[in-house]
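Readers should treat all values here as calculations from the given coordinates under stated rules, not as data from a laboratory. Since the structure is predicted, the reported quantities are computational estimates derived from the model, not experimental observations. Ideal geometry is used to build each Cβ from the backbone, glycine not excepted, and the neighbour counts take in all protein chains shown.
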Amino acid sequence: MARILVADDEEGVRSFLAEALEYEGHSVTMAADGEEAARLMARQGVDLLLTDLRMPGMDGLTLLRKVREEQPDVEVVVLTAVGTVESAVAAMKAGAFDYLLKPVGSPAELRLTVARALERRALLNWKTEARQSAGAVELSWGAPAMHPVVEALRKVSPTQATVLLVGESGTGKEVTARALHQWSERADGPFVAVNCAALTETLLESELFGHEKGAFTGAVAQRRGRIELAQGGTFFLDEVGELKAELQAKLLRVLQERRFERVGGTRTLEADVRWVAATNRDLKGMMARGEFREDLYHRLAVFPIRLPSLRERREDLRPLAELLLRRIGDELGRPGLRLSPEAVARLEAFTWPGNVRELRNALERAAILADGPVVEPGHLWLDPTGAAGPVVDAPVPEGGRLPSLTLEELERRAIEQAIADEAGNRKRAAQRLGIGLRTLYDKLRRYESP
């Protein structure tokens, strides 16, 4: 996640913005004015600055110009009151990525703008990163189950065929999509990903296609969608099985005609992108139940590839774990972390129902718990029944018998436990449970209903 600096002289606004962004996992630092923000940026690097335009002392426009001069790779989003849009226009001319009107309409609007700014930052550096990492993607270390997968990816990557990646949650579908992009003729173009479960239907439509000024309440300026940002590159639709019926129809048209319009617009735009989609759901079963369009499925599944679970590729487990632990060690500022032989044996004996994602989570916890450079079995917090993390026994009532529970109650307890295990982060809880974020929110709303 990104490092974000929030500068605003109103404490309530600062706290609201910080809380909304920290909910998404970002690291947020706050400053009460422009001078404090400039001092903080001189001491620590940030990926994005979110600043009010009107502050005492150094105002937001002055701060923006200072950032553009001294740290041009930092993206800037400015906040401005409704009556001073002219100031926001001046800020855009000075190099701001975008602006938000105060008061900010919703946390979702804020997060969406920040996500777009961070994506812009990544896109600007994409060609350099692509050249530096050419050939660096490692999908397997010799597991027989991965041989046909890698071979299929190598064969389809030079083409423009639409690829559908299927497999359990956590099997590395986005990593595979990035490898497909890197091995393609579009490697110098952008790789743009959208998680179809992470946004409401209205926001997702605007995110995909963009919108024109005045298309809906809060649309104060024209916005380019993710499909436009992916022009010349690869567009990755993650969790495509979570799309609602109306958006399925609109996506089908884009896939068929390679054209689209922004929300509220009439001008037709070209969609020059390579399509890759992914899902952990049974799309054929959904088609049989009328939940997923058959014509859309056939457009997406031109070249389907099933990614095997970690249980099917045991030969990859040790080198993959060592690679992940090295990356985790670098992120934590503790390079040189390694697994003891006993820890490796413990990892190899585990079933990994959450696949690579669960493996990474277990290694990150172990790295935090380990005092020295060696991760031992006791640091791994693995339960032989298949659940990662410490297990807390529920109290048994008098008489020694547990009360009988309905399936809905069992489901509710599993969701509550997953949210607790992920420290309240619902996005990671959904990933842990193997369901879409929208599905998780639907279930939580149902539980809260009287």
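Annotations
- With respect to the chain, whose longest principal axis is taken over its alpha-carbon atoms, helix 60-70 is tilted by about 70°.
- Hull-based mean projected area of segment 147-260, where the convex hull spans the alpha carbons, in square nanometres: 7.9 nm²
- Of all DSSP bridge pairs formed entirely within the chain, close to 15 percent run antiparallel.
- THR62-LEU369 pseudo-label distance in nm [points 7 Å out on the Cα-to-Cβ vector]: 5.2 nm
- Rounded to two decimals, the Cα radius of gyration of segment 44-85 over 2.2 N^0.38 Å is 1.17.
- With Cα atoms, 0 to 90° folded angle of helix 355-369 axis to the chain main axis: 80 degrees
- Given R0 = 45 Å, the distance between the Cβ atoms of GLU185 and ALA249 translates into a calculated FRET efficiency of 0.90.
- Normalising the average separation of contacting C-alpha pairs (under 8 angstrom, six or more residues apart) by the number of residues puts the relative contact order of segment 233-374 at 21 percent.
- Compared with the rule-of-thumb size 2.2 N^0.38 Å for a compact globular protein, segment 311-361 has a Cα radius of gyration ratio of 1.12.
- Largest-first ellipsoid semi-axes for segment 1-48, taking √(5λ) over the Cα gyration tensor eigenvalues, angstrom: 17, 15, 5
- 5 angstrom amide H check on LYS102, placed H, neighbours 5+ away: THR80, ALA81, VAL82
- Here the spin labels are modelled as points 7 Å beyond Cα on the Cα-Cβ line, and at ASP282 and THR159 they lie 2.8 nm apart.
- Cross-link partners for LYS173 among the lysines, with Cα-Cα distance under 30 Å and sequence neighbours closer than 8 places in the same chain left out: LYS127, LYS155, LYS244, LYS250, LYS284, LYS427, LYS443.
- Once the Cα-Cα distance is subtracted from the 0.36 nm per residue extended length, the THR268 to ALA219 segment shows a gain of 15.7 nm.
- Viscosity 0.890 mPa s, temperature 25 °C, Stokes-Einstein D of the chain from Kirkwood C-alpha radius, µm²/s: 101 µm²/s
- Between the beta carbons of GLU22 and ARG311, assuming R0 = 35 Å, the FRET efficiency works out to 0.50 to the nearest 0.05.
- Degrees between helix 107-124 axis and first principal axis of the chain (Cα, 0 to 90, nearest 10): 90 degrees
- Gained length - GLU411 relative to ARG426, 0.36 nm times residue gap less alpha-carbon distance: 3.9 nm
- Extension gain for LEU332-ALA345 works out to 2.2 nm (0.36 nm per residue, less the C-alpha to C-alpha distance).
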